[in-house]
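**Student:** Starting off with a structure, shown below.
The values are calculated or read from the model by the stated rules, or taken from the named source; none is laboratory data. Because the structure is predicted, anything quoted here is derived from the model rather than measured. When we count neighbours, we look across all protein chains shown, and the Cβ atoms used for this are built from the backbone with ideal geometry, even at glycine. Calculation scope for accessible area: heavy atoms of the full protein, side chains included, ligands and nucleic acids excluded. Shrake-Rupley method; radii C 1.70, N 1.55, O 1.52, S 1.80 Å.
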Amino acid sequence: MKIAILVPTLYQFQGLDRVAWRQADALAQQGHKVAVFAFKGNMEPPENVTLEFLGMPQSFLAERIFRLTFPLNFVKAIKSIPKLKDFDVICSHQYPMNWLAYLARRFYGIRYIYYNHHLNPPEAFSGLIEHAYTKMKLFLERWTIKRADGAISISQYSQVQLKSWTGLDSKVVYNTIDMRRFHKELDGSKIRARYNLSNTPLLLYIGAIWPHKAVHLLIKALSLVKHSLPNAKLMIVGKHVYPTYSNTIKQMSDDSVIIAGEIPDEELPCYYAACDVYATASLWEGFNLPLVEAQACGKPVVAFNIGPHPEIVKDGGTGFLVPPRDVNALAEAIIKLLKDDKLRHKMGENASRMVREKFSWNDIAQKTLEVYKQAIEAWERNSSKRNAG
């Protein structure tokens, strides 16, 4: 089967991008011809997968205007759509790529599958301009989603949300972890040595620095943790997306907060290995890939009890889920784990075993192909009915 995977960007610190990369890798390993199309990124394609960057503005403001006005960008559409005409299936991971998938469906009859990661509501962002931008983008996203021939959701939570917002049914395909890269035998000593951490109690956050990830709440939780563990530190790893929010994070941080920024992808597993507890204060998620990666590395996790988190964290078994926005509860859970070596080790063992059993690497290709085949078969049945009529 010839499969085109469309994703707006291909950066290593964005969960959506890593899922698209792994999907392409899994499908190529099954022997399918796979190509990935993105506007920009810094990741190399998987083996036997072709990658083409279509280009987009680099500045923050210009990129946002580009995304919002993409349906009016006839030049980009005319250049891009013919590149998709020979594929059997197009899988789009997010707007504005959905627009290209829709046009290829309309002009070439190619099946269009929407890969649903999550639709953040305007409430996930603060500020009047941010709220208005998200609302307009969400309208365009919904419109293009409704034109899809099938859909995949990355969690049961996202599946329910997609159905209520668009009326489109979807199949749940959990994001998977490559246990060859993420496992509990990893050594994080080199990372600790690099940042002069020795035996310092270390919290870790990995992911893009977005407002809805609420990294500022994590920093507030750290200040409470330090009342009990004065030498505790928080390491923040990931791409800075919103300049204003990033400045806020930097202003809130003291020498107990390590802002590591972007790191080489090959070092990522060792950062998980270096921490004692993985923590996140994210308020909106469709899955939360780093939570699963951390657990695969044998690390207990602490997070707010939101959306899909109960599907990927066993509360009290592999980590703790606390009430949303409750910074005190977040800090208390972190302190409990940092002070109890036995509990931390037990939860880490449970976490690694749970990920291995529940998030199998091999499942993604087979389950994804089932959705593709169903969409193609449905199209063929409908075409036969139209011809017979």
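**Student:** When residues of region 149-207 are filtered for being assigned to a loop (DSSP other than H, G, I, E, B) and of a type in the set (Val, Ile, Thr), how many remain?
**Tutor:** Going through region 149-207 one residue at a time, the tally reaches 5.
**Student:** Cβ contacts < 9 Å: first residue β-branched (Val, Ile, Thr), restricted to region 8-31; second residue assigned to a helix (DSSP H, G or I), any location; separation 6+ or different chain. Result?
**Tutor:** From region 8-31, the pairs are Thr9/Leu16; Thr9/Asp17; Val19/Leu289; Val19/Ile364.
**Student:** Now, a different point. Give the residues of region 224-269 that are assigned to a strand (DSSP E or B), open to solvent by 10 Å² or more (accessible area, probe 1.4 Å) and within 20 Å of Gln12 (Cβ to Cβ), sorted by residue number.
**Tutor:** Passing the criteria: His240, Ile258, Ile259, Ala260, Gly261.
**Student:** Among the residues of region 304-326, count how many are in contact with a Ser or Thr (Cβ under 8 Å, 6 or more places away or on another chain) and either in a loop (DSSP other than H, G, I, E, B) or without any contact (Cβ under 8 Å) to a residue 12 or more places away in the chain (or both).
**Tutor:** Qualifying residue count, region 304-326: 3.
**Student:** Just to be sure before I move on: is Tyr205 over 13 Å from Thr280 (Cβ atoms), buried (at least 16 other Cβ atoms within 10 Å of the Cβ) and either in contact with a Leu (Cβ under 6 Å, 6 or more places away or on another chain) or of a type in the set (Phe, Trp, Tyr) (or both) in the structure I sent?
**Tutor:** So Tyr205 fails the test.
**Student:** Here is a follow-up. Can you spot a residue in region 295-303 that is in contact (Cβ under 8 Å) with a residue 12 or more places away in the chain and surrounded by fewer than 22 Cβ atoms within 10 Å (Cβ to Cβ)?
**Tutor:** No; the residues of region 295-303 include none that is in contact (Cβ under 8 Å) with a residue 12 or more places away in the chain and surrounded by fewer than 22 Cβ atoms within 10 Å (Cβ to Cβ).
**Student:** Additional query: I'm trying to understand the selection: among the residues of region 285-303, which are outside any helix (DSSP H, G or I) and either in contact with a Phe, Trp or Tyr (Cβ under 6 Å, 6 or more places away or on another chain) or under 18 Å from Ala329 (Cα atoms) (or both)?
**Tutor:** Hits for region 285-303 are Cys297, Lys299, Pro300, Val301, Val302, Ala303.
**Student:** Tell me whether region 337-346 contains one or more residues that are modelled with pLDDT under 75 and surrounded by 16 or more Cβ atoms within 10 Å (Cβ to Cβ).
**Tutor:** For region 337-346, residues modelled with pLDDT under 75 and surrounded by 16 or more Cβ atoms within 10 Å (Cβ to Cβ): absent.
**Student:** Scan region 304-321 residue by residue and report those that are of a type in the set (Lys, Arg) and under 15 Å from the mean Cα position of the chain (by Cα).
**Tutor:** If the condition is that a residue be of a type in the set (Lys, Arg) and under 15 Å from the mean Cα position of the chain (by Cα), then no residue fits.
**Student:** Anything in region 54-97 that is in contact with a helix residue (DSSP H, G or I) (Cβ under 8 Å, 6 or more places away or on another chain) and free of Cβ contacts under 8 Å to residues at least 12 places away in the same chain? List them, or say none.
**Tutor:** If the condition is that a residue be in contact with a helix residue (DSSP H, G or I) (Cβ under 8 Å, 6 or more places away or on another chain) and free of Cβ contacts under 8 Å to residues at least 12 places away in the same chain, then Pro57, Asn73 are the ones that fit.
**Student:** Next question. Name the one entry in Ala365, Ala273, Ala329, Ala351 that is modelled with pLDDT of 95 or more, open to solvent by less than 10 Å² (accessible area, probe 1.4 Å) and either of a type in the set (Gly, Ala, Ser) or assigned to a loop (DSSP other than H, G, I, E, B) (or both).
**Tutor:** Of the residues listed, the single one that is modelled with pLDDT of 95 or more, open to solvent by less than 10 Å² (accessible area, probe 1.4 Å) and either of a type in the set (Gly, Ala, Ser) or assigned to a loop (DSSP other than H, G, I, E, B) (or both) is Ala351.
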